[in-house]
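K.L.:
Before we start, here is the structure in question, set down as structure tokens.
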Amino acid sequence: MNILNKRNIIGLLMLALVSLNMGCKKFLDEKSNQKLAIPKSLEDFQALLDNTPNTNESGPSEGEISSDDYYLTDVDWAKLGRETDKNMYIWGNEILFSDKAQSGWTLGYRTVYYCNTVLYGLQKIDPVFEQQQQFNDIKGQASLIRANAFLDMAIIWCKTYDKISSSTDLGLPLHLTPDFNVKLKRANLEQTYQQIIDDLKTSLNLLPNIPISKWRSSRAASYGLLARTYLSMRDYENAYLNADSCLQLYSDLMDYSTLNSSSNTPIAMNNVEVIFNRTMEPTNPISVLTAKISDDLYRSYADNDLRKIVFYRLRPDGTFRFKGSYRQGSLLFSGISTNEIYLIRAECLARNGHIEKAMADLNQLLVTRWKKQDGLTTFITLKTNSKTEALSLILEHRRKELVMRGIRWMDIKRLNKEGANILLKRTINGQTYQLPANDHRFALPLPEETIRLSGIQQNPR
């Protein structure tokens, strides 16, 4: 992105030492060194948030690695190199992060550290009238980005949210200051999700409706992330309200018939559907050069469904690779976009019995994904009066629409809580591995280094 001025760059240089200090240690061994130069101006804080590798491009990939939209061949698996990745792929009982490689947990708390640095620094600034809008915007951005990091980690390293058990289920260590010398116990899951919601609600009152760049946060992004948060909690009423509020602010959809489906990167970065640009950290198992798209998933698309040729390319060996990232290229998009929000609103409407409105949302999305003939769509409007059928159709297209987004892991976990009984299977070297619905391994083990340094409680294995 190109929205930094000279003072922004100075701010980045000031924080470089902090970044380097943090990069060489694992979470909870990352010390705040007060002798290092600290950002002090609003421009410095904005520069820190505009440092996209630490705020927008470091989403955890562990959930996507563990999910079922792709598979690896025996040869692919053998070539992974890291035992961490091999173990994660087969849902191994042993500690996944036994090596000292950088994990999504480390990256997530690095993002939290950056946001805490900004929020703590803002407390020392008394903005004049001319600065108030900029001050609010920066505080809102830091609050949203921190919430996003906590949500990503909660989905991967915590159990599925259940209102009945949330006060006793393990959540995250909620570091809310830049002082990582303070060793915290894991909060419970209720406290963890409440912090995420509080941060997002704070950001709503501070951010502009639409940002100057899709790399920056906005009220639309806050509503969208709240909708995703409540959906993960299976709070469908609040998920609907926030999805609807998001779409009231921004609701554009792409016409896939205008895309160059033969391209290896058919979908432009920061396209009209993107509300907030965020990506997962690149990792070998789900690399577009390695991961093979599930045969069942690929075959589920209708012939006239353009997603079948926009999202996938046939390899010489007869398998399919993914090429439909909204990040345009090999990085995998995990941000907020209108297509996800339409599907959240549709699902919540269906669950609450508003079938006609739910199907209207689904059809509004799908008509933009279908082939045209002589300028007219070939899409046939989907109709049903059945709540069960409507929900089934919406969830079917949710999976087909949101491939490789870091969302499928959340969906499997929450839908299994609803009784979906999704059983995951993988076969490597003739041995079959299974992950039954609601298994304790859906909450991935925390990195060994984190446990060793902090003494916080490990997930059951």
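K.L.:
Using packing as a proxy for protection, rank 282-295, 145-158 so that the peptide with the highest average count of other Cβ atoms within 10 Å comes first.
P.N.:
Details: 282-295: 17.8, 145-158: 26.3.
Packing proxy ranking, top to bottom: 145-158, 282-295.
K.L.:
Also, I was wondering about something else. Run the helix sum for the chain: -39,500 (n - 2.57) per DSSP H stretch of 4+ residues, divided by residue count, reported at 222 nm to the nearest 500 deg cm²/dmol. Mind dumping the intermediate values first?
P.N.:
Values: 18 runs with 203 residues, N = 461.
Only helices count here, giving -13500 deg cm²/dmol.
K.L.:
Can you classify the range 126-247 as rounded, prolate or oblate using the Cα gyration tensor, where a ≥ b ≥ c are the square roots of its eigenvalues, rounded means a/c under 1.5, and otherwise it's prolate if a/b beats b/c and oblate if not? Walk me through the numbers on the way to the answer.
P.N.:
Details: a/c = 2.58, a/b = 1.33, b/c = 1.94.
Judged from the Cα gyration tensor, the range 126-247 comes out oblate (a/c at least 1.5, b/c at or above a/b).
K.L.:
Cβ neighbours within 10 Å, averaged per peptide: list 304-315, 181-192, 378-389 in order, most packed at the top. Could you put the intermediate results ahead of the total?
P.N.:
Numbers: 304-315: 18.6, 181-192: 16.5, 378-389: 13.2.
In descending order of packing, they fall as 304-315, 181-192, 378-389.
K.L.:
Cα-Cα pairs above 35 Å in the chain: how many percent?
P.N.:
Values: 30680 of 106030 pairs.
Every Cα pair in the chain considered, those over 35 Å come to 29 percent.
K.L.:
Here's another thing I want to ask about it. What percent of all Cα-Cα pairs in the range 273-317 falls into each 10 Å bin, going from 0 up to the bin containing the maximum distance?
P.N.:
Binned Cα distances yield the sequence 20, 41, 35, 4.
K.L.:
Oh, and also: Counting alpha carbon pairs within less than 8 Å and at least 6 residues apart, what relative contact order, in whole percent, applies to the range 314-461?
P.N.:
Working: 130 pairs, mean separation 21.8, N = 148.
Value for the range 314-461: 15 percent.
K.L.:
Of all beta bridges DSSP finds with both residues in the chain, what is the antiparallel percent, to the nearest 5? Could the numbers behind the result be given before it?
P.N.:
On the way: 17 of 18 bridges.
The antiparallel proportion sits near 95 percent.
K.L.:
Is the C-alpha gyration tensor of the range 274-379 telling us rounded, prolate or oblate? Criteria: a/c under 1.5 is rounded; beyond that, a/b larger than b/c is prolate, otherwise oblate. The partial results should precede the final answer.
P.N.:
Values: a/c = 2.02, a/b = 1.36, b/c = 1.48.
Verdict is oblate for the range 274-379.
K.L.:
Now a separate question. Can you order the peptides 254-266, 160-172, 108-120, 47-59 by their average number of other Cβ atoms within 10 Å per residue, highest first?
P.N.:
Details: 254-266: 14.8, 160-172: 17.5, 108-120: 23.2, 47-59: 21.6.
Result, highest mean first: 108-120, 47-59, 160-172, 254-266.
K.L.:
Once you order the gyration tensor axes a ≥ b ≥ c over the Cα atoms, which shape class does the range 222-288 get: rounded for a/c under 1.5, otherwise prolate or oblate by comparing a/b with b/c?
P.N.:
Numbers: a/c = 2.73, a/b = 1.46, b/c = 1.87.
Cα axes put the range 222-288 in the oblate bin.
Every read-out reported here was derived from the displayed coordinates using simple, explicitly stated rules and does not represent laboratory data. Predicted model, so just to flag it, every value in this text is computed and none were measured. Glycine also receives a Cβ, built like all others from the backbone with ideal geometry; neighbour counts cover every protein chain displayed.
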